[in-house]
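Enquirer: To start, I am sharing the structure in question, which I have written as structure tokens.
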Amino acid sequence: MAAFKPLIAGVLIALIFLSSLYYSITLVDWFDWRRNALSDLGNSAKSEVAAQFNFSLLLVGLLMILLALNYVRRSSRISWILFAVSGFLLQMVATFDEIYGQLHFLVSVAIFTCMGLTILADSIEFRSKAMLGMFALYALIWPLYFFIKTSMGILTRAAVAEISSVILFMAYFILRCIKAPR
């Protein structure tokens, strides 16, 4: 991976995740964006695509850590650590899948929090209005999800909020890879 330029590596990581997600969803007939969380695909007791889905999370997490260590670290003081921790937490989501109950929930909260903090730290370090705007959008996703779920009575699981967060993080991720030194 060290031989790849950061942008190519970032796009490759995003494509691995998105193609794995797409592949997993197309292989099961039970997944519904309103009734499921993305991690339902990785439930080792209930999902027939759990091994493939969780493996892709482990791989993407590892690649994020390597990208943070090889490229992002060269251009930041703090955010590269959060970037690497986000990769590690993604691996923990795969390791502690939904059968772990509360532990899985805590790890999921931790990764979405860490991804947001990564965007915020980078926007401060780079003094980037674009990244700060991404953080503002990212910070609105989960409160909006809980508002819709609780006050409007729409029964929904977290898949839409999760994929919204992930897509926004990937947009940041690729923008960050453009700024990383070669």
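Enquirer: Search the stretch 51-80 for residues that are over 18 Å from residue 126 (Cα atoms) and of a type in the set (Phe, Trp, Tyr) and pair each with any residue that is assigned to a helix (DSSP H, G or I) and open to solvent by 40 Å² or more (accessible area, probe 1.4 Å) when their beta-carbon atoms are under 9 Å apart and the residues are at least 6 apart or on different chains.
Expert: That search, which allows pairs on different chains as well, returns 53/23.
Enquirer: Could we say that residue 144 is crowded, with 18+ Cβ neighbours inside 10 Å and either in contact with a helix residue (DSSP H, G or I) (Cβ under 7 Å, 6 or more places away or on another chain) or modelled with pLDDT under 95 (or both) here?
Expert: For residue 144, the condition - crowded, with 18+ Cβ neighbours inside 10 Å and either in contact with a helix residue (DSSP H, G or I) (Cβ under 7 Å, 6 or more places away or on another chain) or modelled with pLDDT under 95 (or both) - is not met.
Enquirer: In the stretch 42-77, what residues are buried (at least 17 other Cβ atoms within 10 Å of the Cβ), among the aromatic types (Phe, Trp, Tyr) and either touching a His at 6+ places or on another chain (Cβ under 7 Å) or at pLDDT 95 or above (or both)?
Expert: Once the filter is applied, which keeps residues that are buried (at least 17 other Cβ atoms within 10 Å of the Cβ), among the aromatic types (Phe, Trp, Tyr) and either touching a His at 6+ places or on another chain (Cβ under 7 Å) or at pLDDT 95 or above (or both), the stretch 42-77 yields only 53.
Enquirer: Within the stretch 131-164, track down each residue that is touching a Phe, Trp or Tyr at 6+ places or on another chain (Cβ under 9 Å) and either more than 19 Å from residue 34 (Cα to Cα) or not in a helix (DSSP H, G or I) (or both).
Expert: The answer is 131, 134, 135, 138, 156, 157, 158.
Enquirer: Give 106, 63 a once-over and let me know the one that is in a helix (DSSP H, G or I) and touching a helix residue (DSSP H, G or I) at 6+ places or on another chain (Cβ under 7 Å).
Expert: From the options 106, 63, the qualifying one is 63.
Enquirer: Given the conditions (1) open to solvent by 60 Å² or more (accessible area, probe 1.4 Å); (2) closer than 29 Å to residue 76 by Cβ; (3) among the charged types (D, E, K, R), which single one is not true for residue 157?
Expert: For residue 157, the failing item is (2).
Enquirer: Determine which single condition residue 35 fails, assuming it passes every other condition in (1) surrounded by fewer than 17 Cβ atoms within 10 Å (Cβ to Cβ); (2) touching an Asp or Glu at 6+ places or on another chain (Cβ under 7 Å).
Expert: Unmet condition: (2).
Enquirer: Residue 107 passes all but one of (1) within 19 Å of residue 160 (Cβ to Cβ); (2) open to solvent by less than 60 Å² (accessible area, probe 1.4 Å); which number fails?
Expert: Going through (1) within 19 Å of residue 160 (Cβ to Cβ); (2) open to solvent by less than 60 Å² (accessible area, probe 1.4 Å) one by one, residue 107 breaks only (1).
Enquirer: Restricting attention to the stretch 27-60, which residues are farther than 18 Å from residue 162 by Cα and part of a helix (DSSP H, G or I)?
Expert: Passing the criteria: 27, 51, 52, 55, 59.
Enquirer: Look at residue 173 and say whether it is modelled with pLDDT under 95 and within 12 Å of the chain's Cα centre (by Cα).
Expert: Considered against the rule, which asks whether it is modelled with pLDDT under 95 and within 12 Å of the chain's Cα centre (by Cα), residue 173 comes out as yes.
The values are calculated or read from the model by the stated rules, or taken from the named source; none is laboratory data. Keep in mind the model is a prediction, meaning the values are calculated, not measured. No Cβ is skipped: glycine too gets one built from the backbone with ideal geometry, and neighbour counts run over all protein chains shown. These area figures cover heavy atoms from the full protein model, side chains too; ligands, DNA and RNA do not enter into them. Shrake-Rupley method; radii C 1.70, N 1.55, O 1.52, S 1.80 Å.
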